[in-house]
Amino acid sequence: MSEPAARTHPAWHFHLVLDEPLTPEQSDTLDGLDRFHEGGIGLVQTPERHYFLCVVRAATLTEAIADTLARFEDFPGVLVRSVELDEIALDSNGMATAAVLPVP
């Protein structure tokens, strides 16, 4: 995607939840993967799970997810279990409606 086009696309918010927490070896590998340091994606580690918090510019949410998943081609042995959109992501993506989220 060209630089001017990237600026005109919306920033999509989502989480890529990993199947298992990263091992120390996988964490070391991640540190050396340039595609994960281009921006728009950051690792969050909690006792319950590891996931990538993503804010990616693209024409559509589907394109943003696909572009981000492509980064995992260089990260063998790490599996993304699910793509999640929490209340904040739904609101940021303009998808928070009464049909999706209960009215406070």
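Overview of values
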{"quantity": "Charge sum, other residues only, whose C-beta stays under 13 Å from V17's C-beta, Lys/Arg counted +1 and Asp/Glu -1", "calculated": "-3"}
{"quantity": "Zone residues, region 10-37, relative to L69, backbone N less than 17 Å from point 7 Å out along Cα-to-Cβ", "calculated": "12-20"}
{"quantity": "Cα principal axis extents for region 28-81, largest first, Å", "calculated": "32, 24, 18"}
{"quantity": "Heavy-atom accessible area per residue - region 17-85, 1.4 Å, Å²", "calculated": "59"}
{"quantity": "Value of relative contact order over region 18-73, rounded to a whole percent, pairs C-alpha under 8 Å and six or more apart", "calculated": "29"}
{"quantity": "Difference of contour (0.36 nm per residue) and Cα-Cα distance, T8 to V44", "calculated": "10.2 nm"}
{"quantity": "Theoretical gain in end-to-end length, I88 to T62 [0.36 nm per residue, Cα-Cα removed]", "calculated": "7.6 nm"}
{"quantity": "Surrounding net charge for A70, when Lys and Arg each add one and Asp and Glu each subtract one, Cβ distance under 14 Å", "calculated": "-4"}
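The values are calculated or read from the model by the stated rules, or taken from the named source; none is laboratory data. These numbers were taken from a predicted model, which means no experiment stands behind them. Cβ sites come from the backbone with ideal geometry, for glycine too, and all protein chains shown count toward neighbours. Protein only, heavy atoms only, side chains kept; ligands, DNA and RNA dropped before computing areas. Shrake-Rupley method; radii C 1.70, N 1.55, O 1.52, S 1.80 Å.
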